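Structure record follows, encoded as structure tokens.
Every read-out reported here was derived from the displayed coordinates using simple, explicitly stated rules and does not represent laboratory data. Please read all numbers here as calculations on a predicted model, not as lab measurements. Note: ideal-geometry Cβ built from the backbone for every residue, glycine included; neighbour counts use all protein chains shown.
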Amino acid sequence: MPDLPAPFEGLRVLLITDPHAGPFVSPAALLEAMRRLQSIEPDLILVGGDLTTSRLAEFESHREA
């Protein structure tokens, strides 16, 4: 990025959007996706969009991921 301040040079930012943890994404599938994303060794992880499909309670079975 042009004019990026020196402290941010080489910073790895991972943006994860809309994982929609819930009935349409199995906990195992989400865990595998998260393991693959973590393998790039980001310095900062941002989560945007919808964490669950409809209710926060749906997240409980996906917590490990």
*Dipole magnitude (debye, nearest 20) for the chain, charges at Cβ of Lys, Arg, Asp, Glu*: 160 debye
*Using the alpha-carbon atoms, what tilt in degrees (0 to 90, nearest 10) does helix 27-38 show relative to the longest principal axis of the chain?*
10 degrees
*Report the relative contact order of the chain, percent, no decimals, based on alpha-carbon pairs under 8 angstrom and at least 6 residues apart.*
47 percent
_Expected 222 nm ellipticity per residue - DSSP helices of 4 or more, -39500 (n - 2.57), all of the chain, to 500_ = -5500 deg cm²/dmol
*Apply the Debye scattering formula to the chain, with a single equal point scatterer on each alpha-carbon and no solvent, then give log10 I(q)/I(0) at q = 0.20, 0.25, 0.29 Å⁻¹.*
-0.80, -1.07, -1.29
*Using DSSP to define loop residues, name the trypsin sites (Lys or Arg not before Pro) in segment 12-41 whose beta-carbon has at most 14 other beta-carbon atoms within 10 Å.*
Arg12
*Stretchable slack from Val13 to Leu46, in nm (0.36 nm times residue separation minus alpha-carbon distance)*: 11.1 nm
*Lys/Arg Cβ at +1, Asp/Glu Cβ at -1, dipole of the chain taken about the Cα centre: which of Thr53, Met1, Leu14 is farthest positive-ward?*
Thr53
